[in-house]
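What follows is one structure encoded as structure tokens, with my remarks underneath.
The values are calculated or read from the model by the stated rules, or taken from the named source; none is laboratory data. Bear in mind the structure is a predicted one, so any value in this text is a computation, not a measurement. Cβ placement follows ideal geometry from the backbone for every residue including glycine, while neighbour counts extend to all protein chains displayed.
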Amino acid sequence: MAEHPAYPVGLRLSGRRVVVLGGGQVAQRRLPALIAAGADIVLVSPEATASVEAMADAGEITWVRRGYEDGDLAAAWYALIATSDPAANTAASAEAERHRVWCVRSDDADQATAWTPATGHSEGVTVAVLTTHARGRDPRHTAAIRDAVVEGLRDGTLVAPHHRTRTPGVALVGGGPGDPDLITVRGRRLLAEADVVIADRLGPRDLLAELPPHVEVIDAAKIPYGRYMAQEAINNALVEHAKQGKAVVRLKGGDPFVFGRGMEEVQALAEAGIPCTVVPGISSSISVPGAAGIPVTHRGVAHEFTVVSGHVAPDDERSLVDWPSLAKLTGTLVVLMGVDKIGKIAETLVAHGRSPGTPVALVQEGTTAAQRRVDATLATVAETVRAEDVKPPAVIVIGEVVRVGPAPSA
């Protein structure tokens, strides 16, 4: 029998009796998938690991606290034999053969009637990798193949086109702070499946070069008629392409809902009856300081951090930020889009009680190859920005956490 390849099949175990013999590490690894499959699971074992016991306590499995006895596999559809007693395993395997119950043995695959493949999941697809013959079985090799396939599906490097009609829709994807490796797995996969990508200037631009030639890329930064009309044009483009039945990705920098006007786009799509999937992104407010060695919180230094937009000055009537209150906080202040307003921001914070010697760090082009960090204080930051020619995009961190990490290199 071992000379013939195994026949791969997917078992539908929902509501069907599955018996697991042994409550050790093998059962702990295999039980979650059986639970997810909806199986009626009976565990037979005098002992179990803490995690397996928790499954029983939660009612996910039925635990019979004793060793294996002949007859335990009667009426079972599938069995996992994984006790530490070779004699019990052999007896259970023989019972499974008599009752025609497919069984897996953790101690001797050659004596089993079924093998467990290395499995992984990606968007409703299960990838199962199985060695074809018992001779030469290498679980590490099959697991490595499984991991490579699943990772390729998740990050978009392995693309399997959909051949059924897709429901028109838009994915609003947060691309992270700039490094293409910092986009989420789901975001990268959706990007790889897109027909149209409408990209921001601050999105991870390197990812656009990986798109197939047929993908239409629209540069949102170059849509004409000014800021307000540009947003309206972006909204219109999203709706227009989605109504044509295309898979549309709106690729934004950072997180779509952190000063990204993402909700405006969601609302426009909702008004047009277009479904929208929101994929959160890593916000530059925490990732960029982290990449520069600055923790936004640190034990004994800062128990809070506040993120504000600096795109309008504190004395501008359009500002919604309560700067006097922020000046009284002792935690970290992270300012986005505030490079050209940092002088006025620092002046306002000092005027309302923040120490002029409060450290400030400006991290320009964070997480990219062009990243650089410039340090100053509230008293010197305006002049430092001019002298060092700091340009947007840059994240500004104000607070004692700036001094926590190693000193920046010259």
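Looking at segment 264-278, I want the residues that are surrounded by fewer than 19 Cβ atoms within 10 Å (Cβ to Cβ) and have a partner that is of a type in the set (Lys, Arg) with Cβ atoms under 8 Å, at least 6 apart or on another chain. Which pairs are those?
Listed by first residue and then by second, the contacts come to Ala272/Lys243.
Does Leu320 satisfy being under 30 Å from Ala379 (Cβ atoms) and without any contact (Cβ under 8 Å) to a residue 12 or more places away in the chain?
Judged against the criteria, Leu320 is a match.
Please pick out the residue among Ala376, Ala382, Ala407 that is of a type outside the set (Phe, Trp, Tyr) and either touching a Leu at 6+ places or on another chain (Cβ under 7 Å) or loosely packed, with under 14 Cβ neighbours inside 10 Å (or both).
That would be Ala407, the only listed residue that is of a type outside the set (Phe, Trp, Tyr) and either touching a Leu at 6+ places or on another chain (Cβ under 7 Å) or loosely packed, with under 14 Cβ neighbours inside 10 Å (or both).
Of the residues Arg66, Arg29, which single one is assigned to a helix (DSSP H, G or I), within 25 Å of Ala94 (Cα to Cα) and free of Cβ contacts under 8 Å to residues at least 24 places away in the same chain?
Every option except Arg29 fails the conditions.
Select from segment 388-404 the residues that are buried (at least 20 other Cβ atoms within 10 Å of the Cβ), assigned to a loop (DSSP other than H, G, I, E, B) and on the phi < 0 side of the Ramachandran plot and list them in ascending order.
Result: Val390, Pro393.
Being buried (at least 23 other Cβ atoms within 10 Å of the Cβ) and either among the basic types (Lys, Arg) or assigned to a loop (DSSP other than H, G, I, E, B) (or both) narrows it down to one residue among Gly23, Gly38, Gly15, Gly10; which is it?
Within the list Gly23, Gly38, Gly15, Gly10, the selection yields Gly23.
Give, as residue ranges, the helices (runs of 4 or more DSSP H) completely inside segment 275-387 that count at least 2 residues that are modelled with pLDDT of 95 or more, among the hydroxyl-bearing types (Ser, Thr, Tyr) and out of contact with any His (no Cβ under 8 Å at 6 or more places or on another chain).
284-291
Hey, can you tell me all the residues within segment 79-96 that are loosely packed, with under 15 Cβ neighbours inside 10 Å and within 18 Å of Leu11 (Cα to Cα)?
none
(1) surrounded by fewer than 23 Cβ atoms within 10 Å (Cβ to Cβ); (2) under 30 Å from the mean Cα position of the chain (by Cα); (3) of a type outside the set (Lys, Arg): which one isn't true of Thr332, the others all being true?
Looking at each condition in turn, Thr332 falls short on (1).
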